[in-house]
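Structure, as structure tokens:
Each reported figure results from applying straightforward, stated rules to the coordinates on display, with no laboratory input. Model, not experiment: these values are computed from the prediction. For neighbour counting, all protein chains shown are included, and Cβ atoms are generated from backbone atoms with ideal geometry for every residue, glycine included.
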Amino acid sequence: MTTPSTREKILDAAMSIMRDHGVAKLTLDQAARVAGVSKGGVLYHFKSKDDLIRGMVQRMTDSCDALHHRYYAEQPEGPYRWARTVVHTAFDPQGPAGDPVSGALLAAMAVNPDLMAPIQAKYAEWVERVMSDSPDPARAALVCSAMDGVVFQRILGLCQGCEKDAERLKQAALDLLKE
């Protein structure tokens, strides 16, 4: 097993702070303390709190993209393969909705919309993938938009007790993607 780099330790620390205390408590000093590095070490990798948040956003989009690729590899070939991938990812507890950091990052991005750029770029790539193998792009877009809603409901804590219906909702979405 490899030892995490200093950059990864700092990102781990920042994510831990946000999980436990929210974005308001995230400072470069606190990230340095939790990571066990000097503030100079943090500044070497991240010039500002916004840079640190961008790093966390990038990590989360990379993680979600890796999850997409894992599910894509498991899906049978054919129409809507990428859309089916999105459905499975939306309900995965290891996905973005399963981590409280997602909500904190959403709050940070609301304060500084420039932090949205990495997510917007990756999202455009995901939409392009979904459209690439969808015989009915409107159907695929509708299902994927619904999955975005599922993810945001979970991130924002709007769906208390909805987990009991999750499998039924997931299956209904997958059924819409059958030819």
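So, counting K/R as plus one and D/E as minus one, what does the shell of residues with Cβ under 15 Å around residue 20 add up to?
So the environment of residue 20 carries a net charge of +1.
Using 30 Å as the Cα-Cα cut-off, could you pick out the over-long pairs in 25/164; 49/164; 122/178?
Flagged as over cut-off: 25/164; 49/164.
Net charge around residue 29, counting only other residues with Cβ within less than 13 Å of its Cβ (Lys, Arg = +1; Asp, Glu = -1)?
+4
No partner Cβ under 4.7 angstrom, meaning no disulfide-compatible partner by this rule: which Cys of the chain qualify?
Isolated Cys, the chain: 64, 144.
What ranking, highest mean first, results for peptides 136-145, 163-172 when packing means the other Cβ atoms within 10 Å averaged over each residue?
For the peptides 136-145, 163-172, the packing ranking is 136-145, 163-172.
Whole number please: convex hull volume per residue of the Cα set in region 20-77, in Å³?
Each residue corresponds to 112 Å³ of Cα convex hull volume.
Report, by chain and number, residues whose modeled amide H sits under 5 Å from the one on residue 134, excluding near sequence neighbours (fewer than 5 apart, same chain).
Distant-sequence amide H within range of residue 134: 80.
Explain nothing, just compute: Karplus ³J(HN,Hα) = 6.51 cos²θ - 1.76 cosθ + 1.60, θ = phi - 60°, for every residue of region 120-125 in order, whole Hz, x for Gly and Pro.
My calculation for region 120-125 gives 4, 5, 5, 4, 4, 5 Hz in order.
Tell me which of 57, 123, 41 sits at the most positive position along the dipole axis of the chain, charges placed on C-beta atoms (Lys, Arg +1; Asp, Glu -1).
Of 57, 123, 41, it is 41.
For residue 39, list the aspartates and glutamates whose Cα falls under 16 Å from its own Cα; do not include residues on the same chain fewer than 8 positions away.
Cross-link targets: 8, 12, 29, 50, 51.
Over the chain, calculate the relative contact order: mean separation of alpha carbon pairs under 8 Å at least 6 apart, over the residue count, as a percent.
23 percent
Please list, in order along region 71-79, the HN-Hα scalar couplings obtained from phi with the Karplus expression 6.51 cos²θ - 1.76 cosθ + 1.60 (θ = phi - 60°), rounded to whole Hz, x for Gly and Pro.
Values per residue, Gly and Pro as x: 5, 4, 5, 8, 7, x, 4, x, x Hz.
If you average the C-alpha positions of region 112-131 and of region 56-86 separately, how far apart do those two centres end up, in angstrom?
Distance between centres, Cα-based: 14 Å.
List the residues, sorted by chain then number, that are 5 or more residues from residue 37 or on another chain and whose placed amide H is less than 5 Å from its amide H.
Here the answer is none, since no amide H 5 or more places off falls under 5 Å of that of residue 37.
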